[in-house]
Amino acid sequence: MFDIKWIRANAEAFDAAVSRRKNVSVRSSDLLAIDDRRREIIVRLNEAQEKRNALSKQIGQAKAQKDEAKAQELMAEVARLKDFIPTGEAEERAVETELRAALSVIPNLMFDDVPLGDDESDNVEYFGANGTAEIAARQRPAKPSFSFAPKEHYEIGVAEKDMDFEVAAKLSGSRFVVLKGQIARLERALGQFMLDVHTTEHGYLEVQPPLLVRDEALFGTNQLPKFEEDLFFTPHGDSRLALIPTAEVPLTNMVRDSILSEEELPLRFAALTPCFRSEAGSAGRDTRGMLRQHQFDKVEMVSITTPEESVNEHERMLSCAETVLQRLGLHYRVMMLCTGDTGFGARKTYDLEVWLPGQDTYREISSVSVCGDFQARRMEARYRPSGEKQAPRYVHTLNGSGTAVGRCLIAVLENYQQEDGSVLIPEALQPYMGGLISIGGK
């Protein structure tokens, strides 16, 4: 969400930044034209109010001079102005609503170092703020080697037994899965492991948030109004609630309509929750297996920081997500998203892509984004700088997957699969699996 005053003062910079966004045609002149109408109405209202006040004084003077004819003439003019003011105020509210609606669908302005591109094929591999390919190769687990042709996750023996898409389809339709037995336990172990790493080692506060949220919360984290078709809604009294598409929504909105002290920052929250997405734009994509589901579990990380620290926090959050994959021994790469692939609310995004040998490709398992004050303005989330008295400033928000549990389950199954259909358990997960070192097999 943008401040129209900032756009007016920085029209050229705004247009240049917005032009880097794909399929965004709005320009400052469009927005300023609406704001000009709003300002003109405000001027007319102020002039009418001033004139009414002046005429009211003249009425008193006319009555004091017993000039009844003059008093009646002035009173008629005041009555006309009284009729105009409510109409003008309604017109002002309508134009303000129009301006807010226009501003609310403009995506965030990206950092200058975000690479230009049209889609995911133009994303650029990222090796860290001071990294190189050689350093990354040493830090990241190697790809596994197999003496047999690796299978996709849903073809592996133990998954064929405990990953049931047919029963899920009877219960709920397509893009759902029923996990049973050892596979269900492995997914639960992954979520608990991730949450433990982030809360005990990375300083995130564990939160168990509501899974149903109001429209105001979805607006705050920019799911509304742009992405309404991706959400599942349920009636709630005279309004509605939505199932969360990600825990980013409730975690980030915990600071909405508040003024924090600088000493409280950074705030870091983490949650393991189900997530619900309609996948409205993904017809025909990833229809087999559990890569793209309407319901999935994810560990989400959210940070609330000062503007000065948000870039550093972005790198820190990336490192937190990487730790999960490193501990699990999963090979991955980090991609910096190009301008055509960066999400609506982000100024910059890193994707972690895990290696899936069954597919012989990398697939996204985490996105880590810095949003600047874009969401904070929508939420009215601010902080008061320490030291001398200053006006409150908007906080900066960041969010990242730490990671998607279902996709991590897929990665573990494919990377640790054995020829007999069993799957080895990564050492980091064995305590969560009661000491088991493998599941499935003959």
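Just to confirm a number: summing +1 for Lys and Arg and -1 for Asp and Glu over residues other than Cys371 whose beta-carbon lies under 13 angstrom from that of Cys371, what do you get?
Once positives and negatives cancel, what remains is +1.
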Quiz item: Among Cys408, Cys275, which comes first, second and so on when ranked by fewest other beta-carbon atoms within 10 Å?
Solution: Cys275, Cys408
Practice problem: Over the Cα atoms of region 291-442, compute the convex hull volume and normalise it per residue, giving Å³. | Solution: 146
Practice problem: Could you pull out the pairs from Lys143/Lys180; Lys170/Lys226; Lys180/Lys298; Lys180/Lys226; Lys298/Lys348; Lys5/Lys57 whose alpha carbons sit more than 25 Å apart here? | Solution: Lys143/Lys180; Lys170/Lys226; Lys180/Lys226; Lys5/Lys57
Quiz item: Near Lys51, which lysines are there with a Cα under 19 Å away, not counting those fewer than 8 places off in the same chain?
Solution: Lys63, Lys70, Lys82
Exercise. Round to the nearest 0.05 the FRET efficiency obtained for Glu89 and Ser29 when R0 = 25 Å and r is the Cβ-Cβ distance.
Key: 0.40
Quiz item: Arranged by the count of other C-beta atoms within 10 angstrom, fewest first, what order do Leu272, Leu195 take?
Solution: Leu195, Leu272
Practice problem: Tell me what the chain gives for mean residue ellipticity at 222 nm when only DSSP H runs of n ≥ 4 count, each as -39,500 (n - 2.57), the sum divided by the residue total, rounded to 500 deg cm²/dmol. | Solution: -12500 deg cm²/dmol
Quiz item: Summing Lys, Arg as +1 and Asp, Glu as -1, what charge do residues with Cβ under 11 Å from the Cβ of Pro209 carry, Pro209 excluded?
Solution: -3
Quiz prompt | Of the trypsin sites (Lys or Arg not before Pro) in region 258-321, those whose Cβ has at most 13 other Cβ within 10 Å and which sit in DSSP loop | solution = Arg285, Arg288
Practice problem: Obtain the radius of gyration and the Kirkwood radius of the chain from its C-alpha atoms and give Rg over Rh. | Solution: 1.12
Self-check item: Residue exposure sequence - Thr273, Thr199 - by fewest surrounding Cβ within 10 Å
Solution: Thr199, Thr273
Practice problem: For region 29-186, count the residues as N, evaluate 2.2 N^0.38 Å, and divide the Cα radius of gyration by that value, please. | Solution: 2.35
Exercise. May I ask for the angle, rounded to the nearest 10°, between helix 310-327 and the longest principal axis of the chain, with both axes built from Cα atoms and the value confined to 0 to 90°?
Key: 20
Exercise. Could you please report the charge total around Val299, scoring K, R as +1 and D, E as -1 over all other residues with beta-carbon less than 11 angstrom from its beta-carbon?
Key: -3
Practice problem: Mind checking region 386-439 for trypsin sites (Lys or Arg not before Pro) that DSSP puts in a loop (not H, G, I, E or B) and that have at most 13 other Cβ atoms within 10 Å? | Solution: Lys389
Exercise. Starting from region 136-234, pick out the GluC sites (Glu not before Pro) whose DSSP state is loop and whose Cβ has at most 14 other Cβ atoms within 10 Å.
Key: Glu201
Quiz item: Normalised by the residues of region 120-439, what does the relative contact order come to in percent, with Cα pairs under 8 Å and at least six apart?
Solution: 24
Quiz prompt | Computed magnitude of the charge dipole of region 151-219 (debye, nearest 20; Cβ of K, R +1, Cβ of D, E -1) | solution = 240
Quiz item: Relative to the first principal axis of the alpha-carbon coordinates of the chain, what is the inclination of helix 181-200, with its axis defined by its Cα atoms, in degrees from 0 to 90 and to the nearest 10?
Solution: 60
Practice problem: Express the C-alpha Rg of region 4-54 as a ratio against the empirical globular expectation 2.2 N^0.38 Å, rounded to two decimals. | Solution: 1.61
Quiz item: Which translational diffusion coefficient, to the nearest whole µm²/s, is obtained for region 4-104 from the Stokes-Einstein equation, given a Kirkwood hydrodynamic radius over C-alpha pairs, 37 °C and 0.692 mPa s?
Solution: 200
Self-check item: For the chain, with +1 on Lys and Arg beta carbons and -1 on Asp and Glu, the positive-most of Leu231, Ile183, Ser145 along the dipole
Solution: Leu231
Quiz item: Any idea how far the Cα center of region 136-180 sits from the one of region 373-441, in Å?
Solution: 19
Practice problem: Please work out the FRET efficiency for the pair Leu211 and Asp3, using the Cβ-Cβ distance as r and a Förster radius of 51 Å; give the result to the nearest 0.05. | Solution: 0.95
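We did not get these values from a lab; they are worked out from the coordinates using the rules stated. Note that this is a predicted model, so its numbers are computed, not measured. All Cβ positions, even for glycine, are placed from backbone atoms using ideal geometry, and neighbour counts span all protein chains on display.
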